[in-house]
1. Extending each Cα 7 Å along its Cβ direction at H125 and N102, get the distance between those two points in nm, one decimal.
2. Only Lys, Arg, Asp and Glu count, each charged at its Cβ (+1, +1, -1, -1), so figure out the dipole size of segment 32-142 about its Cα centre, rounded to 20 debye.
3. If each DSSP helix of 4+ residues adds -39,500 (n - 2.57) and the sum is divided by the residues in the chain, what number results at 222 nm, nearest 500 deg cm²/dmol?
4. Give me the number: length gained by fully extending L20 to T47, i.e. 0.36 nm times residue separation minus the C-alpha to C-alpha distance, one decimal in nm.
5. Quote the FRET efficiency, to the nearest 0.05, computed for T89 versus E153 with a Förster distance R0 of 25 Å and r equal to the Cβ-Cβ distance.
6. Cα gyration tensor of segment 42-158, axes a ≥ b ≥ c as square roots of the eigenvalues: rounded (a/c below 1.5), prolate (a/b > b/c) or oblate?
Amino acid sequence: MNAGSVPVFRSGARGGYSSLVDADPRRRFARKLVREIRVRFTDVPCTVQTNEGLVHARSGDAIITGIAGEHWRVSRAHFAAKYQPVPPTVAGEDGHYMSRPNRIMCVPMSEPFEVLLADGLSRLHGGAGDWLVDYGDGSFGIVSPAIFATTYELVERL
């Protein structure tokens, strides 16, 4: 690593948890709390300004607004495994959805770091105190301590 560089965690297309995260002695387990969020599905490629950086979305991806007004993208391929519609919203249509109580591995980071998303273009930036989240589907995310506290609960095991 060059002086001044930060660790980069690369999301990939291969499912499962990362051995890098699993081997980290700071690694913890958490479960997503069931929370209602607003979703719109983009019908054109676009960018989404998240708290952690600019993310590229493809047509069909979900653009989510969280309880604190924050935005993020979830690919169409991973969306149904993470969220379910709240009636009268119909699956795959814009509206209100509930997060599923999926389990994750996560690391409270003590230094700045980055996540390169699977599209190879979108790069998220995290700082000391942020959580590196491994969703178990080949993707990583960055969650601030305040958002983590209202979105996840730490658990003993996956």
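No value in this document is a laboratory result; all are computed from the given coordinates. Note that the structure is a prediction, hence the values are computed from the model and not measured. Quick reminder, even Gly has a Cβ in these numbers, built from the backbone with ideal geometry, and neighbours come from all protein chains shown.
1. A separation of 2.7 nm, rounded to one decimal place.
2. On the way: 11 positive and 13 negative charges, 63 e Å.
The dipole of segment 32-142 has a size of about 300 debye.
3. On the way: 3 runs with 19 residues, N = 158.
Helix-only estimate at 222 nm: -3000 deg cm²/dmol.
4. Numbers: separation 27, 0.36 × 27 = 9.72 nm, distance 2.87 nm.
Roughly 6.9 nm would be gained on extension.
5. Numbers: r = 25 Å, r/R0 = 1.01.
The formula returns an efficiency of 0.50 here.
6. Details: a/c = 1.80, a/b = 1.26, b/c = 1.43.
Cα axes put segment 42-158 in the oblate bin.
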